[in-house]
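Enquirer: Let me begin by handing over the structure; questions about it come next.
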Amino acid sequence: MSESDPSAPKTDAPPEPAFPVIPGLNDPATLERAGAFWLDQLNLWQRMLAPADADEAKPDKRFAAPEWRENPWYDWVRRSYLTLSDHLLRGVDAMEGVSEAQKERMRFAARGFIEAMSPSNFPLTNPQVMKRAVETKGESLVTGMKHLLSDLERGQLTHTQGDAFEVGRNLATTPGKVIKRTPLFELIHYTPTTDQVAAIPLVIFPPWINRFYILDLTPEKSFIRWAVEQGLSVFMVSWKSADATMKDVVWDDYVKAQIEAIDTVRETLSVEKVHAIGYCVAGTTLAATLALLAARGQADKVASATFFTAQVDFSGAGELKHFVDDDQLAMIEALAPDGYLDGRYMATTFNLLRGRDLIWNYVTNNYLLGNDYKPFDLLHWNGDTTNLPSKWHLSYLRDLYRDNLLVEPGRLSVDGTPLDLRQVKTPAYVQAGREDHIAPAESVWHLTHRLSGPVRFVLAGSGHIAGVVNPPSAGKYQYWTNEGEAKTLAEFVAGAHETKGSWWPDWTRWLAKIDARGVPAKGARVPGGDGRETLGDAPGEYVRAR
């Protein structure tokens, strides 16, 4: 071999690759992920040949049956699925050149696909289904098919026993009278059960995307019944489920309806002000109502405002934001040719947010295993859908969820009056759910910095429903309070005091600090008292309309 020419230029550059580097195919990061995937596959085969005792740290109730671990074949199916799922999500996280918002939508879609493809959702790869089919000589599959055909006919997934609950029989049974009916709502006045009631009455605005009786479930769970027992004069708005007559209803109409309900209560009881509660979307609207009243110099009509899992700043509004791009909005508009959106579409959307628990769990139990439905009041309410005015619904998604206009002073108006949340000085009680997936606690927290009055923030255990509907008698969950200053939710949590049980008593103590005066529970404080006309017994007609 000859010596190299000393006059030749020297270079430290690496040699040219034999093949071009293609991102996503043979770049170093992709090759590293591919190597990790195949290593995990080899480990799966090793476990199949010599099963190990160690298992994944997080228990998964889809694979709770012992066969998923004791049978080598099903153990391998389970582990293969979990490995593939993990690598699919990691692949999405590793994608480059896409925005974080796009990546989050891809994560959501990937999780939906992963949940749908679980081996627990298919007869041949679910040991429980195969075992049950053998034990019942196929009768379980026949029953499951009947359940499936029934749901296809009604166009909605069934979660609970259909005839176990009925509004007015064992749901929404708190005694009261309907005292007002408009094309948009009924107003219910509940019968007091104490000799004295609070001087300032309470009017509750539930979300119109659901039936109001989420706050009046069975008597032991009813927030309304409990509030009446605490000596409050309680009024409830029951929204009408939309039909073609409501095709022109917009958000302004709901704000004006809240003011109309407030004024009706004030007039009925001859009082200057009310306490108000807004739940979820009705809480968002209550914030707009307060801003409108402040702009008109009428803020004193509301003594306090309580917000149940309500958002005004939608910059971090959670997974529902995946449904507000232009294509999704166009699809919603196409689904509402008569001016209203069938409530079953909204129910499906909320089910998709928790597909594993609210869709695939029931596919397995009721379609594949042929199990009978269990009675559950909360799931009965969840399936009792409400139609929405499509014009209002689309503007709500565009203006709030997509464009986040409510927190920009003057960008939204009601009845010609620009809204500015900074003008709201009404004392506020803001409740959030620690595990809320519809109105994330971080998003609800922003409300504390958008209002100018005194605010008490309470973080409740559990989520969007169970975090609110948590009676003290149940002894469940907990809540956190922080009497110091906190700029962020993380600071609030770091210095918070945990109290076991329901936050409801904390709320009534807060109300009493605003005004503890009492008046006799007689005359106009009783529905129909002083000869006033009533329109029928609670829970009214609108809650039963379909």
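Enquirer: Compactness ratio of region 52-181: Cα Rg over 2.2 N^0.38 Å, N = residue count? Walk me through the numbers on the way to the answer.
Expert: Working: Rg = 21.6 Å, N = 130, 2.2 N^0.38 = 14.0 Å.
The value comes to 1.54.
Enquirer: If you don't mind, another one. Can you list residues from other chains, or at least 5 along the same chain, whose modelled amide H is less than 5 Å from the amide H of Gly518?
Expert: Ala199
Enquirer: Also, quick follow-up: Taking only C-alpha pairs under 8 Å that are 6+ residues apart, what is the relative contact order of region 349-494 in percent?
Expert: In percent, rounded to a whole number, it is 14.
Enquirer: So how tilted is helix 281-295 from the main axis of the chain? Cα-based, degrees 0 to 90, rounded to 10.
Expert: Result, in degrees: 50.
Enquirer: Hey, with R₀ at 45 Å, roughly what FRET efficiency would Asp530 and Arg169 work out to, going by the Cβ-Cβ distance, to 0.05?
Expert: 0.90
Enquirer: Right, another one. Less than 19 Å from a label point 7 Å out along the Cα-to-Cβ axis of Ala516: which backbone N atoms in region 231-258 qualify, by residue?
Expert: 231-233
Enquirer: Now for a different question. Over the chain, what is the relative contact order in percent, taking alpha-carbon pairs closer than 8 angstrom and at least six residues apart?
Expert: RCO, the chain: 18 percent.
Enquirer: In sequence order, what are the phi-derived ³J(HN,Hα) couplings for region 170-180 according to the Karplus relation 6.51 cos²θ - 1.76 cosθ + 1.60 with θ = phi - 60°, rounded to whole Hz, with x for glycine and proline?
Expert: So the Karplus estimates, Gly and Pro as x, are 10, 10, 6, 9, 4, x, x, 9, 7, 10, 7 Hz.
Enquirer: Take Gln196 and Glu483, extend 7 Å from each Cα along the Cα→Cβ direction, and tell me the distance between the two endpoints in nm.
Expert: Going from the Gln196 label point to the Glu483 one covers 2.6 nm.
Enquirer: Projected area of region 110-191, taken from the Cα convex hull and averaged over every viewing direction, in nm²?
Expert: Spelled out: convex hull of the Cα atoms, projected over all directions, averaged, 9.9 nm².
Enquirer: Given H placed on each backbone N at 1.01 Å, which residues far from Asp537 in sequence or on other chains put an amide H within less than 5 Å of it?
Expert: Close amide H contacts, sequence-distant or interchain: Val178.
Enquirer: Same structure, new question: Note down the magnitude of the dipole of the chain about its Cα centre, charges +1 on Lys and Arg C-beta and -1 on Asp and Glu C-beta and zero elsewhere, to the nearest 20 debye.
Expert: The calculated dipole for the chain is roughly 1640 debye.
Enquirer: May I ask you to evaluate 6.51 cos²θ - 1.76 cosθ + 1.60, the Karplus curve with θ = phi - 60°, for each residue of region 102-116 and list the ³J(HN,Hα) values in order in whole Hz, giving x for glycine and proline?
Expert: 5, 5, 5, 5, 5, 4, 4, 5, 5, 5, x, 5, 4, 5, 5
Enquirer: Report the convex hull volume per residue for region 406-546, counting only C-alpha atoms, in Å³.
Expert: For region 406-546, the hull spanned by Cα atoms encloses 206 Å³ per residue.
Enquirer: So who's got an amide H within less than 5 Å of the one on Tyr279, skipping anything under 5 residues away but keeping other chains? H placed 1.01 Å off N, in plane.
Expert: Counting only residues 5 or more places away or on other chains, the set is Phe205, Phe308.
Enquirer: Across the Cα atoms of the chain, what radius of gyration and what greatest pairwise Cα-Cα distance (Dmax) are found, in Å?
Expert: Expressed in Å, the Cα Rg and Dmax of the chain come to 28.1, 119.
Enquirer: Treat each spin label as a single point 7 Å out from the Cα along the C-beta direction, and report the Asp151 to Asp372 distance in nm.
Expert: If labels sit at Asp151 and Asp372, their model points lie 1.9 nm apart.
Enquirer: I've got another one for you. Which distance in nm do the two modelled labels at Gln298 and Asp60 give, with both placed 7 Å along the Cα-to-Cβ direction?
Expert: It works out to 5.6 nm between the two label points.
Enquirer: Within the accessible area of region 411-481, what % is carbon and sulfur when the probe is 1.4 Å and the other protein chains stay in place? All intermediate terms of the calculation are to be shown ahead of the outcome.
Expert: Details: 1240 of 2650 Å².
Exposed carbon and sulfur together represent 47 percent of the surface.
Enquirer: Still on this structure, I have one more. Just to confirm, what accessible area per residue do you get for the chain at 1.4 Å probe, in whole Å²?
Expert: Working: 26480 Å² over 546 residues.
It amounts to 48 Å² per residue over the chain.
Enquirer: Using each residue's phi in region 419-424, evaluate 6.51 cos²θ - 1.76 cosθ + 1.60 at θ = phi - 60° and report the 3J(HN,Hα) Karplus result to the nearest Hz, with x for Gly and Pro.
Expert: Ordered by residue, 3J(HN,Hα) equals 9, 9, 4, 5, 7, 7 Hz.
Enquirer: Separate question: Out of all DSSP beta bridges with both ends in the chain, state the antiparallel percent to the nearest 5.
Expert: Around 50 percent antiparallel, to the nearest 5.
Enquirer: OK, next. Specify the angular offset, from 0 to 90 degrees and rounded to the nearest 10, of the alpha carbon long axis of helix 139-154 from the longest principal axis of the alpha carbons in the chain.
Expert: It is inclined by approximately 60 degrees.
Enquirer: For a Förster distance of 41 Å, can you work out the FRET efficiency between the beta-carbons of Thr499 and Ala109, rounded to the nearest 0.05?
Expert: 0.55
The values are calculated or read from the model by the stated rules, or taken from the named source; none is laboratory data. This one's a predicted model, so the numbers in the text were calculated from it and none came from an experiment. Cβ: placed from backbone, ideal geometry, glycine included. Neighbour counts: every protein chain shown. The area values use the complete protein model at the heavy-atom level, side chains included, leaving out ligands, DNA and RNA. Shrake-Rupley method; radii C 1.70, N 1.55, O 1.52, S 1.80 Å.
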